[in-house]
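J.: One structure follows; several queries about it will come next.
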Amino acid sequence: MTEELVSVYDADGNVIGAQPRSRVYAEGLWHASAGVLVRSADGARVYVHRRTMTKAVFAGMHDCLAGGVVDPGETPLQAATRELAEELGISGPPLTALASVAWDGQWAGKPMRCHLFAYEVRWDGPVHHQPEEIVDGWWWTDEELATHLADPDWPFVPDTRVLVPQLLRLRQHP
C-alpha cells in the first residue's frame, strides 16, 4: 500500500510539491490544512468534537474545526469541503472563508509547520461522525468554548487553538 501524499508548501504559502505524510510530520515540512467551523444556523453555537486516540497527530484532543491536510492538486476550499463531509457527514451548504495563518509550532517534540485555512458553515442538520476520526461531539456557545480554551491544560488541538480567538472575534465583529 502506497503512503498518502500531502501537498508541501514553502514558508510563504506556495505549493512546491508533495511528500508522504510521515515525512511531512517527521521533518516538520511546511504543509497546509483546511478546517471548517460549524455554527448553528442562528450562529449562536459552535460544534466541538473530540478526536479518536488513533489519530496520527493530536490524538484524543478536542477541536472545533472539521478538517485535515490539503492533498496534492487540491485547493484549501476543496480540502475543507471534503473533510467536512468525511468527518461530520455534512455536505451541500456553502463554506465562507474566515481566516488563514501560518503556524510554526511543535508537536511531540518535533517541528510542525502548517498554513491553516479556516472556513465557516451554518448547519442545523444531522451530524454523523466518522468513527475512525471522531469519538464524540456537542454544541457550545462561543463563551463556553472560550472558557475551556482559557485553561491551558484542556487538551485542545494546538494549531486550531491559534485560530479560535480570531474566529470568535470575527463572529463578534464582522
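The values are calculated or read from the model by the stated rules, or taken from the named source; none is laboratory data. Everything quoted here is computed from the prediction, not taken from an experiment. Here the Cβ is made from the backbone with ideal geometry for all residues, glycine too, and neighbour counts use every protein chain on show. Calculation scope for accessible area: heavy atoms of the full protein, side chains included, ligands and nucleic acids excluded. Shrake-Rupley method; radii C 1.70, N 1.55, O 1.52, S 1.80 Å.
J.: With a cut-off of 15 Å, note down the residues of region 3-32 whose backbone N falls inside the zone around a label point 7 Å from the Cα of GLN78 toward its beta carbon.
T.: Hits in region 3-32 for GLN78 at 15 Å: 5-8, 15-18, 32.
J.: A further question follows. Roll a 1.4 Å probe over the protein chains and send me the accessible area per residue for region 33-128 in Å².
T.: For region 33-128, the solvent-accessible area averages 41 Å² per residue.
J.: Which value at 222 nm does the chain reach when only helices count, each DSSP H run of 4 or more adding -39,500 (n - 2.57), with the total divided by all residues and rounded to the nearest 500 deg cm²/dmol?
T.: Dividing the helical sum by the residues of the chain leaves -7500 deg cm²/dmol.
J.: How large, in percent, is the carbon and sulfur part of the accessible surface of the chain at a probe radius of 1.4 Å?
T.: Using a 1.4 Å probe with all protein chains present, the chain comes out at 54 percent carbon and sulfur.
J.: Any idea how far apart ARG122 and VAL162 come out in nm if each label point goes 7 Å out from Cα toward Cβ?
T.: Each label point is offset 7 Å from its Cα along the Cβ direction, giving 3.0 nm.
J.: Still on this structure, please answer the following. Let me spell out the model: positive unit charges on the Cβ of Lys and Arg, negative unit charges on the Cβ of Asp and Glu, origin at the Cα centre of the chain. What dipole size does that give, in debye rounded to 20?
T.: It comes to approximately 140 debye.
J.: Report, for region 32-172, the % of DSSP beta bridges that are antiparallel, rounded to 5.
T.: Details: 26 of 35 bridges.
Taking every DSSP beta bridge within region 32-172, about 75 percent pair in antiparallel fashion.
J.: Taking the Cα centre of region 13-59 as origin, work out the dipole magnitude from +1 charges on Lys and Arg Cβ and -1 charges on Asp and Glu Cβ, in debye rounded to 20.
T.: The calculated dipole for region 13-59 is roughly 180 debye.
J.: Additional query: Where a ≥ b ≥ c are the square roots of the eigenvalues of the C-alpha gyration tensor, would you call region 5-73 rounded, which needs a/c under 1.5, or, failing that, prolate if a/b is larger than b/c, or oblate?
T.: Oblate, since a/c reaches 1.5 and b/c is not below a/b.
J.: Just how much of ARG161 is accessible, in Å², when a 1.4 Å probe is used and the result is rounded to the nearest 10?
T.: 60 Å²
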